[in-house]
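Each remark here refers to the structure printed beneath this line.
The values are calculated or read from the model by the stated rules, or taken from the named source; none is laboratory data. These numbers come from a predicted model, not from an experiment. As a convention, Cβ positions derive from the backbone with ideal geometry for all residues, glycine included, and neighbour counts pool all protein chains shown.
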Ligand code: IMP
Ligand code: MG
């Protein structure tokens, strides 16, 4: 590993943050930088007894030895950023690219009061769509214009590319998921930007030739929050009976739950340029797999599922998450 991108293969909330945390502890990146849309992304991080809902700080913050960065393409809400930096105590090691566009109160109002965005699309109401629209119209403010961000602004592409020149490992975090990409998702029921690996590289100012690995994260049972088509969606009654219930980190809306979608997984792997796949929630395929850390101890049911998933994706599955804790994972990257 030298420069690795982690992205979501379905509709977001695949458990990318946990995969990022595992890779960080294993591979010791000097920088963990996020791409993606902005504070519409939510990631729940469990640290000991505490649980944090993080929206701006990269989810890799749990690994204390990396500098944390927010790439140029990402929208920054300075209020959310300020609260999280204080809550997590990461002030000394977090940086924001000076060209990040800013979410103002007005963007949030427009997002929440537009019946098209708030109701038809089911946006998160975090102001991202209107802020990206203003960025394209070239009337947005940038991070360099915001005095409170002064201590944090940096040239993120320069930091990352210089670290790569020194031979350091870099992790680039995607947010959202393939199915809600502005380009490749279920338009118009999508977010306000592409979410594929190429976009995450561009968000951080890293050229395609410098990317070594693209890890696409798939959930054994995909979920979707907000409106839009979801071809493998299950009746709520069925998912409830299976004991699967999830709520969004940003909006607390109940997530829709679906069956594995092999066709979507394959297309998503193709556009993302997947080199390795991660599967999360294998303990939902078979409860007996909860917490297991060795492949050979997985049940036959789980191994059959993984075999089919690997065939669908067309790439080796090298990471298998067996529970919410960072330690609950099978890592067979060395065996391929
Ligand atoms: P927006 O990005 O807030 O405009 O919302 C557009 C659509 O994308 C809605 O269906 C949201 O629920 C969905 N969405 C945006 N960000 C995320 C995310 O991080 N995870 C899951 N769904 C998201
Ligand atoms: Mg999320």
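Kindly indicate which of 179, 185, 205, 167 is touching a helix residue (DSSP H, G or I) at 6+ places or on another chain (Cβ under 8 Å) and more than 16 Å from ligand 2 (Cβ to nearest atom). Let's see the steps before the verdict.
Numbers: 179 fails: more than 16 Å from ligand 2 (Cβ to nearest atom); 185 fails: more than 16 Å from ligand 2 (Cβ to nearest atom); 167 fails: touching a helix residue (DSSP H, G or I) at 6+ places or on another chain (Cβ under 8 Å).
Testing whether each residue is touching a helix residue (DSSP H, G or I) at 6+ places or on another chain (Cβ under 8 Å) and more than 16 Å from ligand 2 (Cβ to nearest atom) leaves just 205.
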>> List the residue pairs whose Cβ atoms are under 7 Å apart, where the first residue sits in the range 1-18 and is under 24 Å from residue 163 (Cα atoms), the second is within 10 Å of ligand 1 (Cβ to nearest atom) and part of a strand (DSSP E or B), and the two are 6 or more positions apart or on different chains.
In response: 16/8; 17/43
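From the list 42, 35, 53, pick out the single residue that is surrounded by fewer than 20 Cβ atoms within 10 Å (Cβ to Cβ), within 16 Å of ligand 2 (Cβ to nearest atom), under 24 Å from residue 226 (Cα atoms) and under 17 Å from the mean Cα position of the chain (by Cα).
Working: 42 fails: surrounded by fewer than 20 Cβ atoms within 10 Å (Cβ to Cβ); 35 fails: surrounded by fewer than 20 Cβ atoms within 10 Å (Cβ to Cβ).
53 is the lone residue from the list that is surrounded by fewer than 20 Cβ atoms within 10 Å (Cβ to Cβ), within 16 Å of ligand 2 (Cβ to nearest atom), under 24 Å from residue 226 (Cα atoms) and under 17 Å from the mean Cα position of the chain (by Cα).
Looking only at helices (runs of 4 or more DSSP H) that lie completely in the range 209-296, which have at least 3 residues being out of contact with any helix residue (DSSP H, G or I) (no Cβ under 8 Å at 6 or more places or on another chain)?
Values: elements: 236-241, 262-272, 282-285.
Once the helices (runs of 4 or more DSSP H) in the range 209-296 are filtered for at least 3 residues that are out of contact with any helix residue (DSSP H, G or I) (no Cβ under 8 Å at 6 or more places or on another chain), what remains is 236-241.
Against the condition within 16 Å of ligand 2 (Cβ to nearest atom) and either at pLDDT 95 or above or surrounded by fewer than 16 Cβ atoms within 10 Å (Cβ to Cβ) (or both), how does residue 123 come out, does it pass?
Working: within 16 Å of ligand 2 (Cβ to nearest atom): yes; either at pLDDT 95 or above or surrounded by fewer than 16 Cβ atoms within 10 Å (Cβ to Cβ) (or both): yes.
Against the criterion (within 16 Å of ligand 2 (Cβ to nearest atom) and either at pLDDT 95 or above or surrounded by fewer than 16 Cβ atoms within 10 Å (Cβ to Cβ) (or both)), residue 123 qualifies.
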> Which condition does residue 193 not pass, out of (1) part of a loop (DSSP other than H, G, I, E, B); (2) over 30 Å from residue 111 (Cα atoms); (3) within 16 Å of ligand 2 (Cβ to nearest atom), if it passes all the others?
Replying inline: (2)
>> So if I check each of 129, 125, which one is within 20 Å of residue 42 (Cα to Cα), in a helix (DSSP H, G or I) and touching a helix residue (DSSP H, G or I) at 6+ places or on another chain (Cβ under 8 Å)?
In response: 129
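When the residues of the range 161-185 are narrowed to those that are more than 14 Å from ligand 1 (Cβ to nearest atom) and not in a helix (DSSP H, G or I), which ends up nearest to residue 257 (Cα to Cα)?
The first filter runs over the range 161-185 and keeps only residues more than 14 Å from ligand 1 (Cβ to nearest atom), leaving 161-172.
Next cut, not in a helix (DSSP H, G or I) only: 166-172.
Numbers: 166: 44, 167: 41, 168: 39, 169: 35, 170: 33, 171: 29, 172: 27 Å.
For the range 161-185, the residue satisfying everything is 172.
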>> With modelled with pLDDT of 95 or more, within 25 Å of residue 247 (Cα to Cα) and within 21 Å of the chain's Cα centre (by Cα) as the only criterion, which of 83, 93, 67, 110 stands out?
In response: 83
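Suppose the filter is more than 16 Å from ligand 1 (Cβ to nearest atom) and crowded, with 24+ Cβ neighbours inside 10 Å; does residue 23 pass it? Before you say what the answer is, go through the steps one by one.
Values: more than 16 Å from ligand 1 (Cβ to nearest atom): yes; crowded, with 24+ Cβ neighbours inside 10 Å: yes.
Yes.
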>> One residue is enough: does the range 55-62 have a residue meeting the conditions farther than 24 Å from residue 157 by Cα, in contact with a helix residue (DSSP H, G or I) (Cβ under 7 Å, 6 or more places away or on another chain) and touching a residue at least 24 places away in the same chain (Cβ under 8 Å)?
In response: no
